[in-house]
Amino acid sequence: MAARRISSLLSRSLSAPSASTPLLLSRGKNPGRGRGVYRFSNAAALEETITPPVQISYTQHLINGQFVDAASGKTFPAHDPRTGEVIAHVAEGDAEDVNRAVAAARKAFDEGPWPKMSAYERSLIMLRFADLVDKHRGELAALESWNSGKPYEQSARSELPSFARLFRYYAGWADKIHGLTVPADGNHHVQTLHEPIGVAGQIIPWNFPLIMFAWKVGPALACGNTIVLKSAEQTPLTALYAAKLFQEAGLPPGVLNVVSGYGPSAGAALACHMDVDKIAFTGSTETGKIILELAAKSNLKAVTLELGGKSPFIVCEDADVDKAVELAHFALFFNQGQCCCAGSRTYVHERVYDEFVEKAKARALRRVVGDPFKKGVEQGPQIDSEQFEKILRYIKSGVESNATLECGGQRFGSKGYFIQPTVFSNVQDDMLIAKDEIFGPVQSILKFKNIDEVIQRANTTRYGLAAGIFTKNVDTANTLSRALRVGSVWVNCFDVFDAAIPFGGYKMSGIGREKGIYSLHNYLQVKAVVTPLKNPAWL
């Protein structure tokens with residue numbers, strides 16, 4: 001996501017919609033039934049699935065520079081969300097594998113060359129890695145889309161360039177991390193040293209596997225740390241491929257270790273490990289609480305958490321409705337709605353509400369759903385059956401709460417985990433679809449009367465990750481930007497992620513910031529060194 005404007009993806013041409021079957025639910029308002037409202041551009045989904053242009057070569061753990069089987073010999077399946085079929089069997093890590101990886105990382109930090117290299121030498125390895133990413137962009141993008149279901153065009157044109165850019169950004173920071181000299185009362189020389197924190201444990205999610213790899217690994221390496229990274233069990237393939245490229249770039253053994261496995265076993269073992277100095281996690285708020293508890297009950301290791309969100313997207317009365325509809329559509333539906341910062345509460349001023357709803361419905365009906373490897377497809381499948389069923393339960397809840405189902409609301413196609421782009425209007429703040437993080441292609445449109453009201457309603461949530469504002473009035477934009485209790489505010493844009501822009505949340509959306517200079521703080525210790533001065537010429 002860094003160093004890019006994802007909104008460039010909005011310019012795709014769209015094919016004509018075709019009919020689909022209405023959702024068979026007994027309650028809720030459904031003004032479109034019987035009028036052909038459930039029409040989606042589905043021609044891309046009716047063809048046979050396209051064979052991805054890549055081979056799966058790495059399925060073992062990477063520990064101490066070697067690809068190895070799990071200590072138990074167990075594997076778990078990696079799936080293709082387009083069909084639900086198994087595409088690989090991956091080493092299933094547990095506490096013993098984490099122990100081996102942590103021991104390798106500890107030895108590499110305490111005895112290996114990495115922390116003792118000059119910062120410039122470390123930066124050169126990171127730059128070589130970025131060059132290798134460019135060389136293997138097609139393979140990485142294909143693996144990312146095959147394992148996660150996101151459109152290949154999104155992976156190849158947006159996420160892979162951002163992935164490489166993030167590592168070049170952090171390579172640039174490696175030799176610019178330094179302490180200070182501090183004036184003190186009395187005859188003392190005082191300096192601060194910024195030292196690597198040690199062994200960093202990192203747990204990444206399944207919605208942006210490569211980008212989250214970069215957000216975590218980049219700053220940790222730039223600061224001179226060693227790493228044990230656990231990939232998401234749904235999407236283990238690209239982290240292993242990227243780790244192999246780091247080996248080719250010259251990263252010493254043990255500096256980056258990758259363990260695949262499940263959260264309750266491998267993830268928990270990493271979070272509570274007594275020889276891990278710092279843990280970073282991106283995922284759900286519920287799991288983030290567990291990570292924080294495990295860290296506290298073990299060695300009180302430092303913790304960074306990037307968690308869930310329920311971000312408001314506020315369309316003011318002066319908005320250009322056509323542009324607002326397109327941006328709000330992107331803010332919610334991008335990446336199949338599987339974004340922690342998705343604009344999932346669309347607040348629209350009452351004066352433009354009806355027009356907005358009609359155009360939002362029309363835009364959702366034009367959305368191209370299908371095989372993510374087919375050119376022009378905007379929306380692929382959800383990640384797995386669990387997420388698929390969860391989203392459908394939330395849709396059912398919206399209907400039963402008497403929100404108006406404008407379009408969508410059911411499975412798309414007959415195989416895989418595709419869901420129709422879904423739009424609800426007349427949504428109220430107390431409905432589950434307005435309160436909970438759905439993490440799917442479900443747009444909830446709410447009505448508001450004035451700025452003071454929408455500020456209060458937008459802030460009435462346990463989350464505080466991000467917000468979008470759409471207005472022509474700079475005073476309105478400034479008022480909202482300062483009043484909203486969130487970590488990121490996008491004005492007349494959304495999901496603008498640059499390597500230098502910090503990202504993180506207020507409240508239960510997390511602790512700390514990722515990206516930019518702020519992320520370096522997560523991987524450094526500050527040491528004060530004080531020495532006496534005898535007969536100083538000056539103080």
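The values are calculated or read from the model by the stated rules, or taken from the named source; none is laboratory data. Only a predicted model underlies this, so the values are computations on that prediction, with no experimental measurement involved. Cβ sites come from the backbone with ideal geometry, for glycine too, and all protein chains shown count toward neighbours. What goes into the accessible areas is simple: the full protein's heavy atoms, side chains included, and nothing from ligands, DNA or RNA. Shrake-Rupley method; radii C 1.70, N 1.55, O 1.52, S 1.80 Å.
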The listed residue being touching a helix residue (DSSP H, G or I) at 6+ places or on another chain (Cβ under 9 Å) and open to solvent by 10 Å² or more (accessible area, probe 1.4 Å), out of Asp94, Asp110: Asp94
So Ser397 clears everything in (1) assigned to a helix (DSSP H, G or I); (2) surrounded by 18 or more Cβ atoms within 10 Å (Cβ to Cβ) except one condition, right? Which one? (2)
Count of the stretch 486-513 residues which are outside any strand (DSSP E or B) and either touching a residue at least 24 places away in the same chain (Cβ under 8 Å) or open to solvent by less than 10 Å² (accessible area, probe 1.4 Å) (or both): 18
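Results for (1) within 27 Å of Val133 (Cβ to Cβ); (2) over 23 Å from the mean Cα position of the chain (by Cα), shown as yes or no for each residue.
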residue: Gln247; (1), (2): yes, yes
residue: Val255; (1), (2): yes, yes
residue: Tyr262; (1), (2): no, no
residue: Ala271; (1), (2): no, no
residue: Asp275; (1), (2): no, yes
residue: Phe281; (1), (2): yes, no
residue: Ser284; (1), (2): no, no
residue: Lys289; (1), (2): no, no
residue: Lys297; (1), (2): no, yes
Gly370 fails exactly one of the following numbered conditions: (1) modelled with pLDDT of 95 or more; (2) of a type outside the set (Lys, Arg); (3) surrounded by fewer than 23 Cβ atoms within 10 Å (Cβ to Cβ). What is the number of that condition? (3)
Might you check whether a residue that is crowded, with 23+ Cβ neighbours inside 10 Å, in contact (Cβ under 8 Å) with a residue 60 or more places away in the chain and either within 25 Å of Arg106 (Cα to Cα) or touching a Leu at 6+ places or on another chain (Cβ under 6 Å) (or both) occurs anywhere in the stretch 191-198? no
Under the condition of being of a type in the set (Val, Ile, Thr) and in contact with a helix residue (DSSP H, G or I) (Cβ under 8 Å, 6 or more places away or on another chain), which residue from the stretch 260-306 is farthest from Lys515 (Cα to Cα)? Ile290
I need the full set of residues from the stretch 462-485 which are under 22 Å from Arg513 (Cα atoms), assigned to a loop (DSSP other than H, G, I, E, B) and open to solvent by less than 30 Å² (accessible area, probe 1.4 Å), in order please. Tyr463, Gly464, Leu465, Leu484
Pick out, from the stretch 181-230, the strands (runs of 3 or more DSSP E) lying fully within it that include 3 or more residues that are within 22 Å of the chain's Cα centre (by Cα). 199-203, 226-230
Out of all the residues in the stretch 411-423, is one or more over 28 Å from Ile87 (Cβ atoms) and in a loop (DSSP other than H, G, I, E, B)? no
Under 23 Å from the mean Cα position of the chain (by Cα), more than 26 Å from Ser414 (Cα to Cα) and aliphatic (A, V, I, L, M), is that true of Val102? no
If the Cβ limit is 8 Å and pairs must be 6+ apart or interchain, which residue in the stretch 87-111 that is without any contact (Cβ under 8 Å) to a residue 40 or more places away in the chain and under 18 Å from Ala200 (Cα atoms) pairs with which residue that is part of a loop (DSSP other than H, G, I, E, B) and open to solvent by 10 Å² or more (accessible area, probe 1.4 Å)? Glu96/Ala71; Glu96/Ser72; Arg100/Asn64; Arg100/Ala71
Which ones in the stretch 51-81 are crowded, with 16+ Cβ neighbours inside 10 Å and under 30 Å from Arg411 (Cα atoms)? Pro52, Val54, Ile56, Phe76, Ala78, His79, Asp80, Pro81
Those residues that are open to solvent by 60 Å² or more (accessible area, probe 1.4 Å) and not in a strand (DSSP E or B), I need them from the stretch 514-525; list them, please. Ile517, Tyr518, His521
Residue list for the stretch 117-163, restricted to those being buried (at least 24 other Cβ atoms within 10 Å of the Cβ), within 15 Å of Tyr241 (Cα to Cα) and acidic (Asp, Glu): Glu144
When the stretch 271-314 is examined, which residues are found to be assigned to a strand (DSSP E or B) and either at positive phi or aromatic (Phe, Trp, Tyr) (or both)? Phe281, Phe313
Right, Glu306: open to solvent by less than 10 Å² (accessible area, probe 1.4 Å) and within 30 Å of Phe109 (Cα to Cα) or not? yes
Among the residues that make up the stretch 273-291, is at least one of them β-branched (Val, Ile, Thr), without any contact (Cβ under 8 Å) to a residue 40 or more places away in the chain, open to solvent by less than 30 Å² (accessible area, probe 1.4 Å) and touching a Lys or Arg at 6+ places or on another chain (Cβ under 7 Å)? no
Which is modelled with pLDDT of 95 or more and farther than 26 Å from Ser488 by Cβ, of Leu465, Leu405, Leu446, Leu432? Leu405
Answer yes or no: is there a residue in the stretch 438-449 that is open to solvent by less than 60 Å² (accessible area, probe 1.4 Å), closer than 21 Å to Ile511 by Cα and in a helix (DSSP H, G or I). no
Among what's in the stretch 330-341 and is farther than 16 Å from Ile211 by Cα and hydrophobic (A, V, I, L, M, F, W, C), pick the residue that is surrounded by the most Cβ atoms within 10 Å (Cβ to Cβ). Leu332
Can you report the number of residues in the stretch 234-263 which are open to solvent by 10 Å² or more (accessible area, probe 1.4 Å) and within 22 Å of Pro81 (Cβ to Cβ)? 4
Flag for Leu166 being aliphatic (A, V, I, L, M), outside any loop (DSSP other than H, G, I, E, B) and within 23 Å of Asn64 (Cα to Cα): no
